[in-house]
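First comes the structure, then the notes that go with it.
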Amino acid sequence: MSNQFQPGDLALTKVFDADIPAGSQVELIERIEKGALVRGKGYFRAPSPGWYVIQQSSGVSTAYADHELIPLRGERDLAEQKAKAVSA
């Protein structure tokens, strides 16, 4: 699944995090490789590849594994197309 994601993509969270509920829309910020030192509430080694994400509505950011995210392909493009149509 990691090949499906790019920085700036939107996704839904599959699992509850202390700060971001399951089913929340987030933006992918930075790739995390397995074994990388992950910052959060303290530091730990990433047990699997994933992403730092930000929930735009709250400004909260945290880390999620690839398998904990559902890609929302086309959502950003659709929003940009709607904005262009309104401004035209």
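Computed from the coordinates by the stated procedures, all read-outs in this text should not be read as laboratory data. Being a predicted model, the structure only gives us computed values, none of them experimental. A quick note on method: Cβ atoms are made from the backbone with ideal geometry, for glycine too, and the neighbour counts reach across all protein chains shown.
Full extension of the chain between R73 and V60 yields a length gain of 2.5 nm, computed as 0.36 nm times the residue separation minus the alpha carbon distance.
Taking the Cβ of P49 as the center, what net charge do the other residues with Cβ under 14 Å away carry, scoring Lys and Arg +1 and Asp and Glu -1?
Working: positive: R31, K34, R45; negative: E30, E33, D66, E68.
So the environment of P49 carries a net charge of -1.
As an exercise, use a Förster radius of 25 Å and the Cβ-Cβ distance of Q6 and F44 to find the FRET efficiency, rounded to the nearest 0.05. Working shown, then result.
Working: r = 25 Å, r/R0 = 1.00.
Taking R0 as 25 Å, the efficiency between Q6 and F44 is 0.50.
By its C-alpha gyration tensor, with a ≥ b ≥ c as the square roots of the eigenvalues, how is region 28-70 shaped: rounded for a/c under 1.5, else prolate for a/b larger than b/c, else oblate? Here region 28-70 falls in the oblate category.
Counting other Cβ atoms within 10 Å of each Cβ, which chymotrypsin sites (Phe, Trp or Tyr not before Pro) in region 1-53 have at most 10 and sit in a DSSP loop? Don't jump to the answer; show the numbers that get you there.
Working: sites: F5, F16, Y43, F44, W51, Y52; in loops: F5, F16.
Qualifying residues, ordered by number: none.
Start at zero, step by 10 Å, and the Cα-Cα distances of region 1-59 spread as 22, 55, 24 percent across the bins.
In this simple spin-label model, placing a label point 7 Å from the Cα along the Cα-to-Cβ direction at both A36 and D19 gives a separation of 1.7 nm.
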